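Input: a single structure, listed below in C-alpha cells.
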Amino acid sequence: MRHQISRRHFTKLVISAAIVGFNPDARSWVTEANNAARPFDRVPKLDGSLLVDEASRREIAIDQGNMFHRVPAAVLRPRSVEDIVAMVRYANQHKLKVAIRGDGHSRYGQTQAEAGLVIDSRSLNAVDVRTPDSADAQPGAFWSSVADATLAKGVTPLVFPSTCLAITVGGTLNAGGMGTTSHLYGAQVDNVAELDVVTGDGHLVTCSAERERELFEMVLAGQGQCGVIVRARLRLMPAPSHIMLHELTYTSLDDYLADHLRLVREAHFDGQYGTIMRDQSGKWRFVIEVGKFFTPPNEPNVRALKGDLRFASAAAPARMTYHDYLFRFEARNAAIPAGRPSPFITMYIPASATKDYLSNILSLSPEAAALSQFSFYPLNTGRFTRPLFKVPSEEQAFAFALFRSLKAGDEAALSALLANNRDLLAKMTAVGGKRYAPYSMVISSAEWQAHYGPEVWPRLVAAKAKYDPNRVLSPNPAIFGEK
C-alpha cells in the first residue's frame, strides 16, 4: 500500500538523528553528534524513534490541505503505547506542544505542531478481531486494514468512511467519521465501545460509557484536545457478502430532496449516498445511490423497494461484493494529484433550510465553485449521540461535502475560494447548521463556543483543564484561543 513506510526508509530516518536529551535553556534537542556534555534532560528510553533531522520534520509538517506548513521540533515514531506516555509526560515537563498525525487528511493544519512534537501514529497499526462483536484497532491502522481483518472473519464495523479507506482509525475517531450507513448507525464515534487514551498529562486511561465516561465522551470527536487515542474497540456486526446498488438520477431538485428524505426516514436501504454534479453544459443534475446488503442466494429486489419515487431515470441495478463496495474508490483516490491547495469544507444543514441554502452553491460559476460535483446526502440526526459530534437540532439534516481544490501557486484564486468558504460557513451557521470539525476552516474560540453550545462547551472546557492542564495537546485548531 502506498501509505506504508518502507523498512529501508524507516531505518534511514532512525539512523539520521540519535537524540539523547533536551536542553531546556536553549529550547533545543541534544543529539549524540552535538552533545558537548552541557546539562540537559535526557529523553526517556523508547521502543520507537525520536527524529529531529530536517527531512523528517518537514515531511510531516503538511497535511492534505496543502495550505499550512508548521515544522515541529521532533517527530515521534512510536513502537509502543509506552512511547507515547513517556513523550507526552516529557512534553509537559518542557512545555512542548504535541499533535498526533496519521496520514494527514486534515485540511487546515490541525495535525501540526510548530516547534513541538508530532506523533506519527502509523507505526501503531495493529488490528485484532477479538470476538464476533468487537475488534481492537490501534490509532495508525488504516480502515482498509480494518476491512481486511474483519472481513476475513465474516464481520464488519457498522460504519466505514464513505469514499476513502486510506485514512486512520485514530484520525476519524478524533473527527467523527461518516459513511454511507450513517443514516442507520450514526457516526463512527457512535460505534466505539471502549478506548485506551493517553491524557494530556501523560496518564494511560481505559474509558467507556461505563468507566471514565466523561473522558470517553470528550475524546470521541474531540479533535485530540483531551487525549491521544491509542486503542479503540470497534463494534462489529455480521458482514454481508454482497450489495445491490441502484443509481437514481433526478432533474427536479424538489423531487430529489423529497425522495432523499423519504428514503432515509423509511430506512429500506442499508447504504444511501448522494451526489450533485454539473454536466458539460453547466446544468446540475442530482443523483441518489441506494444499496441493499445481501448474501446469495437471497438477492433483493431493489426495484420493488423504490416504490413510487419520482426520479427521471435509473441505471440498471449493479451487483458487487461487499469488499469491492468498500474499496471501490481507492484507485481513484490514488490517482488524485498531490500538492494542490484543497480547502475542503463539510457541514450539516437542517432539512427545512436545505433547498434555500443549496442556491448559494448551485448559483456559483464553475470557476468560482472550483468543483464539478459534491457529496450530498441526508441523515437521521437522532442516530448521532456523541456530544462533541454536532448536528442540527431537526430530526433530519443534509450533509454537504465540498471537495474543492486549485492548482498550486494561484494565490488570488485560493484567497477567493477561502473567502467563499467563509461565506458559505457563515450562512450555514445562520440557518442552524453545524460544521464537521476537520473540514471547517480555522475559526475563533468564540465560534467554537457557539458551535458546541451552552451545554457542551463548559464540559469541554472542564475536560481540557482536567485532562490536559498544561494545554500541550493539539494546538490547532486553537479551540481555546492558544497555539
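Check the stretch 180-192 and report whether any residue there is surrounded by fewer than 19 Cβ atoms within 10 Å (Cβ to Cβ) and assigned to a strand (DSSP E or B).
No, the stretch 180-192 contains no residue that is surrounded by fewer than 19 Cβ atoms within 10 Å (Cβ to Cβ) and assigned to a strand (DSSP E or B).
Could you grab the pairs with beta carbons closer than 8 Å, sequence gap of 6+ or different chains, first residue in the stretch 68-88 and within 30 Å of Gly339 (Cβ to Cβ), second one acidic (Asp, Glu) and assigned to a strand (DSSP E or B)?
Once the first residue is within 30 Å of Gly339 (Cβ to Cβ) and sits in the stretch 68-88, its partners that are acidic (Asp, Glu) and assigned to a strand (DSSP E or B) give Val75/Asp120; Leu76/Asp120; Arg77/Asp120; Pro78/Asp120.
This table checks each residue for (1) modelled with pLDDT under 95; (2) over 24 Å from Tyr185 (Cα atoms); (3) of a type outside the set (Phe, Trp, Tyr).
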{"position": "Ser352", "(1), (2), (3)": "no, no, yes"}
{"position": "Asp356", "(1), (2), (3)": "no, yes, yes"}
{"position": "Ile361", "(1), (2), (3)": "no, yes, yes"}
{"position": "Pro366", "(1), (2), (3)": "yes, yes, yes"}
{"position": "Gln373", "(1), (2), (3)": "yes, yes, yes"}
{"position": "Thr381", "(1), (2), (3)": "no, no, yes"}
{"position": "Phe389", "(1), (2), (3)": "no, no, no"}
{"position": "Glu394", "(1), (2), (3)": "no, no, yes"}
{"position": "Ala399", "(1), (2), (3)": "no, no, yes"}
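When you check Leu460 against the structure, is it at pLDDT below 95, open to solvent by less than 40 Å² (accessible area, probe 1.4 Å), outside any strand (DSSP E or B) and out of contact with any Cys (no Cβ under 7 Å at 6 or more places or on another chain), yes or no?
Against the criterion (at pLDDT below 95, open to solvent by less than 40 Å² (accessible area, probe 1.4 Å), outside any strand (DSSP E or B) and out of contact with any Cys (no Cβ under 7 Å at 6 or more places or on another chain)), Leu460 does not qualify.
I'd like the residue in the stretch 142-166 that is in a loop (DSSP other than H, G, I, E, B) and in contact with a Lys or Arg (Cβ under 9 Å, 6 or more places away or on another chain) and, out of all such residues, is least open to solvent (accessible area, probe 1.4 Å).
Keep residues of the stretch 142-166 that are in a loop (DSSP other than H, G, I, E, B), which gives 152-154, 158-166.
Filter once more, so that each one left must be in contact with a Lys or Arg (Cβ under 9 Å, 6 or more places away or on another chain): 158, 163, 166.
Values: Leu158: 28, Thr163: 30, Ala166: 6 Å².
By that ranking, first place goes to Ala166.
Here's the yes/no breakdown for (1) open to solvent by less than 20 Å² (accessible area, probe 1.4 Å); (2) aliphatic (A, V, I, L, M); (3) in contact with a Cys (Cβ under 7 Å, 6 or more places away or on another chain):
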| site | (1), (2), (3) |
| --- | --- |
| Arg303 | no, no, no |
| Ala316 | no, yes, no |
| Thr321 | no, no, no |
| Tyr325 | yes, no, no |
| Arg328 | no, no, no |
| Ile336 | no, yes, no |
| Gly339 | no, no, no |
| Phe344 | no, no, no |
| Tyr348 | yes, no, no |
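Counting just the residues of the stretch 268-284 that are assigned to a loop (DSSP other than H, G, I, E, B) and over 20 Å from Thr354 (Cα atoms), which one comes out nearest to the chain's Cα centre (by Cα)?
Asp270
For the stretch 285-385, which fully contained helices (runs of 4 or more DSSP H) count at least 2 residues that are touching a residue at least 40 places away in the same chain (Cβ under 8 Å) and under 28 Å from the mean Cα position of the chain (by Cα)?
Once the helices (runs of 4 or more DSSP H) in the stretch 285-385 are filtered for at least 2 residues that are touching a residue at least 40 places away in the same chain (Cβ under 8 Å) and under 28 Å from the mean Cα position of the chain (by Cα), what remains is 322-327, 330-334, 351-362, 366-369.
Restricting attention to the stretch 409-428, does a residue exist that is open to solvent by less than 20 Å² (accessible area, probe 1.4 Å) and either on the phi > 0 side of the Ramachandran plot or not in a helix (DSSP H, G or I) (or both)?
Looking for residues that are open to solvent by less than 20 Å² (accessible area, probe 1.4 Å) and either on the phi > 0 side of the Ramachandran plot or not in a helix (DSSP H, G or I) (or both), one finds none in the stretch 409-428, hence no.
Restricting the stretch 435-447 to residues that are part of a helix (DSSP H, G or I) and either of a type in the set (A, V, I, L, M) or at pLDDT 95 or above (or both), which is surrounded by the most Cβ atoms within 10 Å (Cβ to Cβ)?
If we take residues in the stretch 435-447 being part of a helix (DSSP H, G or I) and either of a type in the set (A, V, I, L, M) or at pLDDT 95 or above (or both), then Ala437 is surrounded by the most Cβ atoms within 10 Å (Cβ to Cβ).
Those residues that are in contact with a Gly (Cβ under 6 Å, 6 or more places away or on another chain) and closer than 28 Å to Val155 by Cα, I need them from the stretch 193-242; list them, please.
Val197, Val219, Ala221, Ile229, Ala239
The values are calculated or read from the model by the stated rules, or taken from the named source; none is laboratory data. On a predicted model such as this, the values are computed, not experimentally measured, just so you know. All Cβ positions, glycine included, derive from the backbone under ideal geometry; neighbour counts span all protein chains shown. Note: areas computed on protein heavy atoms with side chains; ligands, DNA, RNA excluded. Shrake-Rupley method; radii C 1.70, N 1.55, O 1.52, S 1.80 Å.
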